[in-house]
Structures are given as C-alpha cells and as structure tokens.
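One structure below.
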Amino acid sequence: RREAARYYRGQRVPERLEEALNAVFPMQPRDLYGELANYLSKYSKAPVICKLVGRKVLDGVGQPTLEVEIYCTVKNYEKRICSSVMSSHSQIPEHALPETIEAYEKERNDFVNTAVEWVNESLNTMLRDLEPTDQCQVDRMLGEYFTNKVEEKKKIQEEEEETEATLALTPHTPPLLPLPPSPPAGKKKAKEGKKSAAERPIPPAEPAEPVLCGSLAIGGTSLAIAKAGATISHIPLYLYVALLKHDQESPEEMTLPLPMVTLLNCEKISPSKLKLVKEVLLIPPVQLSLKQGIERILDIQKEMTSLLESPGKMVHPQVADSKKGKAQNSGKKGLPQFLKRISHLGCLTTGYDDLEQLLLIMQTACNNIGLKLGRDMYLAINCAAHDLMDYDKGKYEILTGTFKSPDEMVAMYEELIVKFPFIIALIDPLRKEDRQQWSNICCALGSKCYLIAEDAATCISKLKIDQNINTPLCSGVVLKYINQTKVSDLIELTGILDGQRHITILGSPDGESSDDSLVDLAVGLGARFIKLGGLSRGERVTKYNRLLAIEEELAKNRTLREAKLEFITFAEESQPEEEQPSDVLPPPQQD
C-alpha cells in the first residue's frame with residue numbers, strides 16, 4: 001500500500017482526481033464515467049506509431065497498388081488509426097502491343113511488391129515510436145531513406161556496367177561474315193537528301209523520369225501519417241494540411257478548388273480524325289456553389305448523351321430560335337460513331353473529325369437546356385500535345401494527315417480562342433520541350449486563357465530547382481500525388497507556386513483509387529482547380545462527394561469564402577511585376 005501511495009502521489013493522481021471531480025460535478029453529466037475519462041485523457045501520453053502495415057490492393061482500373069495502414073499506441077492499447085491507398089499513373093501508351101502490356105504489368109507488380117516489403121520491414125522499424133503529428137520529421141526520414149535507396153540503385157548499376165565493360169574487353173575472334181552489298185551511289189545520295197529534308201530543328205523529347213522500384217511506399221506512408229495526424233488531432237485532413245502549410249496558424253476562411261469535370265474522353269478511334277483533343281472538361285462559373293455547378297454539369301452530360309445516341313437531334317446553335325429555345329436542323333453532317341461506354345476517366349468516350357465539330361455539339365447541348373457557353377459554363381481542353389509529335393516530320397499531327405509546326409500550333413490556338421472564347425483553359429497545348437513556343441502562347445493568350453502544364457511539367461521531385469519552377473512558362477501546373485511524393489513536398493511546392501503567381505491544380509492520375517484524400521489535400525493547400533475526371537465510376541464520384549461534404553461543412557462553420565472562387569488573369573510578360581486590376585473570370589459573352 002505504501003508503494004502504491006508513493007507511486008500515485010509521484011504521478012499526482014490524487015490531485016488530478018480531485019480536479020476532475022470538482023470540474024465534473026457542476027455539469028452532473030448523464031455519463032459520469034465517460035466525462036471523467038474525457039477530463040483525465042488530457043493528461044495521457046500522446047499517441048505514438050507502433051506498427052505500419054503494407055499490403056497489395058487493386059485500384060479503380062484493376063491495377064495493383066499499395067495500401068498503408070497506421071497503428072498507434074493510444075492509452076496503452078494498439079489501435080488502427082487509418083489507411084491510405086496510392087493512385088497509380090499509367091505509363092503504358094494507348095493501343096500498346098500485348099508484350100508491352102505484359103511487361104508493364106510485371107513491372108507494376110514488382111514495384112508494388114517492393115513497396116509492400118519496404119513498408120512492412122524498413123519503414124515499420126524506422127518510424128516506430130514517432131508521433132504521427134510530427135509530419136516534418138516523418139517526411140524528412142522518408143526522404144533520407146529514399147535517397148539512400150536511389151544511391152544503392154546507382155551503385156548496383158555502376159557495378160553491372162563495369163562487369164559488362166570488362167566482358168566487352170575480353171579478346172575473342174569474331175566470325176567472318178560477308179559484307180552487305182553497297183547500294184548504288186545515286187540511290188544512297190537520294191536517301192540522304194530525303195532524310196535531311198525530313199529533319200526539323202525541334203528539341204528532342206526529354207527522357208522519361210525513372211521511377212524507383214518501391215517508391216510507392218514513400219508517398220503512401222507520408223499520406224497515411226498525415227491522415228493519422230489529423231485523426232489524432234480530431235480535425236479534418238484539409239484543415240490539418242492547411243495548418244501545416246501556414247505554420248499552425250488556422251486560416252479564417254477557406255476557398256474550395258474549382259472543379260474541372262471531364263465530360264468527354266476523345267480517343268483515337270478509327271472512324272474519327274481528330275487527334276488534338278484528349279479530354280473536354282467543364283468548369284462551372286464561380287457564382288455557383290459547388291453543388292449547383294455539379295447539378296448543371298450533370299444536366300449537360302445527360303443532354304450530350306441524348307445527342308450522341310440520336311444524331312438526328314444535332315443542330316447548329318446559331319440557327320436556334322432564341323425566343324422559344326428551339327433549334328432547327330442546319331443540314332450539317334451527322335455525328336461520328338459514338339462508343340457507348342464509360343472510359344477509365346469516368347466520362348463518355350467518343351471521337352470527332354475536327355475540333356469545330358466537337359465544339360458545335362457542345363454548344364448545341366447547352367442551348368438545348370437553356371444554357372450558354374461563356375456565361376453559364378466554361379470549357380477546358382486537354383490537348384495532350386506530347387502524344388501528337390511526329391519526330392520524323394518535326395510536326396504535331398492534329399488531324400489524321402494534317403501536321404503543324406510548334407509555331408503553327410501557337411497561331412492555331414490564338415485563332416481557336418478568338419473564335420471560341422468560352423474555352424478558358426488549355427492543358428498541355430505543347431510539349432514541354434517547346435519552351436519558346438510556351439513563352440509565345442503565354443504572351444499571346446495568357447490574359448484570356450489558362451495555359452496549364454500537366455504532362456508538360458516534370459515530376460514533383462524534379463519540379464523545384466533552387467526555389468524556381470523547372471517547367472515551361474505557363475499559367476499553372478497540375479500536381480499529382482504519386483510514387484515518392486510526400487505531403488511536405490506538396491506544401492513546399494505550392495508555396496513556391498503561390499509566390500510566383502502560378503495557379504495550382506491537383507490532378508487525379510489515370511489509375512485512381514477509392515481514397516478521397518486528394519480532395520482534402522487540394523482544399524488544405526489552397527489549390528485553384530481540382531481535376532478528378534468525370535462524374536461516373538465509384539473511385540471518381542467518391543471524391544466529388546467528399547468535395548461536396550467539405551463545402552457543406554465550411555458553409556456551416558461560416559469559414560467558406562463566398563463569391564471568391566475566381567480566376568487570376570495572366571500578367572503580360574513585359575510587366576511581370578505589375579498586379580492585375582482584377583481577379584475574375586472573363587466577362588460573360590453577350591447574346
């Protein structure tokens with residue numbers, strides 16, 4: 001008894017119990033012991049990480065990916081706190097050969113298996129007993145671990161290269177083979193002349209950034225730790241991220257990112273000629289709430305589906321009866337073949353013969369339900385120009401058999417925006433290697449349209465160099481949370497983008513998972529846009545539902561910044577320091 005009394009007095013238990021009883025008595029709660037437990041819990045030790053569990057799961061397109069679970073010691077008991085599932089960014093091209101697909105699937109499995117091993121062994125030991133709320137410390141350790149793995153990989157490659165070089169120097173007698181016959185001098189000269197004519201002074205494609213096998217473990221663990229920290233702190237993840245970005249200073253108001261909702265996925269199918277457009281995206285006007293914007297997009301999607309299924313309903317919007325809202329058939333050619341399926345992006349899949357045909361159909365769909373593009377809805381186009389370059393010709397193939405040089409592409413986009421001013425964003429209008437043309441298009445269209453780099457931007461780990469953005473001149477960058485990306489990386493990078501007057505777009509990769517953390521990251525980081533795909537497929541819709549829930553929560557707490565969801569007009573290159581007079585969308589078009 002003496003030892004017990006000494007022990008409890010040393011822990012100030014009698015004093016704490018007296019304080020708890022005095023504090024709880026005036027409330028006389030219905031659950032007395034529950035209230036006492038709540039009061040005394042503030043004296044308990046902070047939860048610490050006790051176990052990480054990694055496992056292989058499937059993402060939204062059936063590809064293997066990584067799930068990371070976080071277990072913490074909470075009040076002397078092991079407790080599962082949360083988990084995160086990583087999204088995958090497919091590197092496999094469209095219409096790839098079966099052997100290419102098989103090789104990719106094998107590599108993908110190896111990447112995930114290695115990531116699971118890292119989490120269950122090295123990272124599990126390394127992060128044990130750390131507090132999940134110490135995101136900076138955890139991310140620093142994850143970064144050091146990844147750097148060590150990269151160095152190990154380099155050493156192995158160097159040893160393999162030395163071995164190959166040694167074998168190559170080993171003397172051997174090559175077999176005597178007959179020399180191939182020399183072509184006639186005239187023909188050879190003609191071929192060389194043809195080759196030189198085909199060459200164009202375009203920058204070669206930059207090599208793809210190598211992805212280290214197992215790197216998913218770094219991003220998955222960092223995100224899982226952030227979710228655990230938010231759960232332990234009893235606050236939503238978006239607020240937890242905002243506190244990390246703003247040095248624990250809670251923002252008085254928060255702005256939701258404006259959604260870029262994919263309506264159409266324009267694939268390269270045989271009946272269609274258009275190659276320039278990968279996605280057509282809808283952007284609701286800032287005057288609408290997110291809920292109203294989503295409802296309006298669903299109405300347009302429904303009308304588009306009806307038009308595509310019934311080509312006879314297609315009309316030219318300029319001959320519509322403005323008084324009755326009816327439209328007459330203008331005699332234009334019918335729609336191309338429509339593939340009645342939902343793409344992996346969660347949207348309708350179709351193809352077109354030219355860009356104007358596509359835009360006229362969009363105008364018709366909006367007119368049929370009493371909406372006007374440029375006033376009630378805006379468009380963005382994902383050009384995916386990196387897929388269009390014909391390196392033999394040195395030009396982009398925008399239509400089947402139609403080629404344009406990088407400078408001609410800039411002129412084409414200028415004409416496009418003049419003719420269709422309701423297009424307010426172009427994503428990847430050029431390859432990232434055409435930096436001069438990026439500068440030209442920004443000078444020409446920057447004040448009328450967002451020029452956004454998605455695949456034209458490098459990966460997040462290489463995007464920041466000496467506090468500058470290593471990407472072509474552009475309005476903003478699409479950031480994707482994949483591979484070794486850490487939460488701290490996103491916080492640091494968005495801070496730099498904010499300071500350089502770039503806009504931040506958080507984007508969903510091709511292989512999306514059901515984890516909706518990307519939405520919280522976008523809200524917490526203050527992203528201007530969020531690009532989640534279409535309004536179909538569960539892994540896509542769950543994120544839109546999360547965005548709607550956050551809007552409702554912020555509105556309820558009176559912390560939603562009302563009527564402030566606005567675009568930033570792009571500054572002219574000649575006046576980089578000058579602030580723009582307004583921070584709003586382009587004025588609505590007049591009827």
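What the table shows:
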{"quantity": "Of the criteria (1) of a type outside the set (Gly, Ala, Ser); (2) in contact (Cβ under 8 Å) with a residue 24 or more places away in the chain; (3) on the phi > 0 side of the Ramachandran plot, which one residue 28 fails", "calculated": "(2)"}
{"quantity": "Options 371, 348, 360: the member that is within 26 Å of the chain's Cα centre (by Cα) and in contact (Cβ under 8 Å) with a residue 40 or more places away in the chain", "calculated": "348"}
{"quantity": "Residue tally, condition touching a residue at least 24 places away in the same chain (Cβ under 8 Å) and closer than 19 Å to residue 438 by Cα, over the stretch 374-395", "calculated": "13"}
{"quantity": "Pair list, Cβ < 9 Å and 6+ apart or interchain, from the stretch 469-484 residues that are at positive phi and open to solvent by 10 Å² or more (accessible area, probe 1.4 Å) to residues that are assigned to a loop (DSSP other than H, G, I, E, B) and at pLDDT 90 or above", "calculated": "483/86; 483/212; 483/215"}
{"quantity": "Any chance residue 109 is of a type outside the set (Lys, Arg), farther than 30 Å from residue 142 by Cα and either touching a residue at least 12 places away in the same chain (Cβ under 8 Å) or outside the structural domain of residue 221 (by the TED database) (or both)", "calculated": "no"}
{"quantity": "Hey, residue 363 surrounded by fewer than 21 Cβ atoms within 10 Å (Cβ to Cβ), closer than 25 Å to residue 282 by Cα and of a type in the set (S, T, N, Q) or not", "calculated": "no"}
{"quantity": "Residues within the stretch 405-461 that are open to solvent by less than 10 Å² (accessible area, probe 1.4 Å), among the aromatic types (Phe, Trp, Tyr) and touching a residue at least 60 places away in the same chain (Cβ under 8 Å), tallied", "calculated": "1"}
{"quantity": "Given (1) surrounded by fewer than 16 Cβ atoms within 10 Å (Cβ to Cβ); (2) assigned to a helix (DSSP H, G or I), index of the condition residue 118 fails", "calculated": "(1)"}
{"quantity": "Residue 66 being at pLDDT 90 or above, out of contact with any Pro (no Cβ under 6 Å at 6 or more places or on another chain) and open to solvent by less than 80 Å² (accessible area, probe 1.4 Å)", "calculated": "yes"}
{"quantity": "2 or more residues closer than 21 Å to residue 453 by Cβ: qualifying strands (runs of 3 or more DSSP E) within the stretch 362-428", "calculated": "378-382, 395-399, 423-427"}
{"quantity": "So residue 150, is it under 28 Å from the mean Cα position of the chain (by Cα), open to solvent by less than 70 Å² (accessible area, probe 1.4 Å), at pLDDT below 95 and assigned by the TED database to the domain that holds residue 50", "calculated": "yes"}
{"quantity": "All positions within the stretch 1-59 that are within 40 Å of the chain's Cα centre (by Cα) and of a type outside the set (D, E, K, R)", "calculated": "41, 44, 46, 47, 48, 49, 50, 52, 53, 54, 57, 58"}
{"quantity": "Subset tally (residues that are in contact with a helix residue (DSSP H, G or I) (Cβ under 6 Å, 6 or more places away or on another chain) and open to solvent by 10 Å² or more (accessible area, probe 1.4 Å)) for the stretch 486-507", "calculated": "4"}
{"quantity": "Pairs where the first residue, in the stretch 56-67, is touching a residue at least 12 places away in the same chain (Cβ under 8 Å) and the second is among the charged types (D, E, K, R) and part of a strand (DSSP E or B), C-beta under 6 Å, 6+ apart", "calculated": "57/67; 64/56; 67/55"}
{"quantity": "Test set (1) more than 26 Å from residue 225 (Cα to Cα); (2) more than 24 Å from the chain's Cα centre (by Cα) - residue 101 fails condition number", "calculated": "(2)"}
{"quantity": "Any chance residue 293 is at pLDDT 85 or above, open to solvent by less than 50 Å² (accessible area, probe 1.4 Å) and assigned to a loop (DSSP other than H, G, I, E, B)", "calculated": "no"}
{"quantity": "Residue pairs meeting the criteria (Cβ under 8 Å; at least 6 apart or on separate chains; first assigned to a loop (DSSP other than H, G, I, E, B), in the stretch 128-142; second open to solvent by 60 Å² or more (accessible area, probe 1.4 Å))", "calculated": "128/51"}
{"quantity": "Some residue of the stretch 200-220 being hydroxyl-bearing (Ser, Thr, Tyr) and over 24 Å from residue 456 (Cα atoms)", "calculated": "no"}
{"quantity": "Filter result (crowded, with 23+ Cβ neighbours inside 10 Å and in contact with a helix residue (DSSP H, G or I) (Cβ under 9 Å, 6 or more places away or on another chain)) within the stretch 529-542", "calculated": "529, 530, 532, 533, 534"}
{"quantity": "Checking residue 60 against (1) surrounded by fewer than 18 Cβ atoms within 10 Å (Cβ to Cβ); (2) part of a loop (DSSP other than H, G, I, E, B), the condition it does not meet", "calculated": "(1)"}
{"quantity": "Residue 547 being open to solvent by 20 Å² or more (accessible area, probe 1.4 Å) and either modelled with pLDDT of 90 or more or of a type in the set (Ser, Thr, Tyr) (or both)", "calculated": "no"}
{"quantity": "Sole residue being touching a Cys at 6+ places or on another chain (Cβ under 6 Å) and in a loop (DSSP other than H, G, I, E, B), chosen from 211, 277", "calculated": "277"}
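Each row is one residue, and each column tells you yes or no for (1) closer than 19 Å to residue 546 by Cβ; (2) of a type in the set (Ser, Thr, Tyr); (3) open to solvent by 30 Å² or more (accessible area, probe 1.4 Å); (4) free of Cβ contacts under 8 Å to residues at least 40 places away in the same chain.
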position	(1), (2), (3), (4)
215	no, yes, no, no
228	yes, no, no, no
239	yes, no, yes, no
249	no, no, yes, yes
255	yes, yes, yes, no
277	no, no, no, no
289	yes, yes, yes, no
298	yes, no, yes, no
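The values are calculated or read from the model by the stated rules, or taken from the named source; none is laboratory data. Quick caveat, the model's predicted, so the values are computed rather than measured. Cβ sites come from the backbone with ideal geometry, for glycine too, and all protein chains shown count toward neighbours. These area figures cover heavy atoms from the full protein model, side chains too; ligands, DNA and RNA do not enter into them. Shrake-Rupley method; radii C 1.70, N 1.55, O 1.52, S 1.80 Å.
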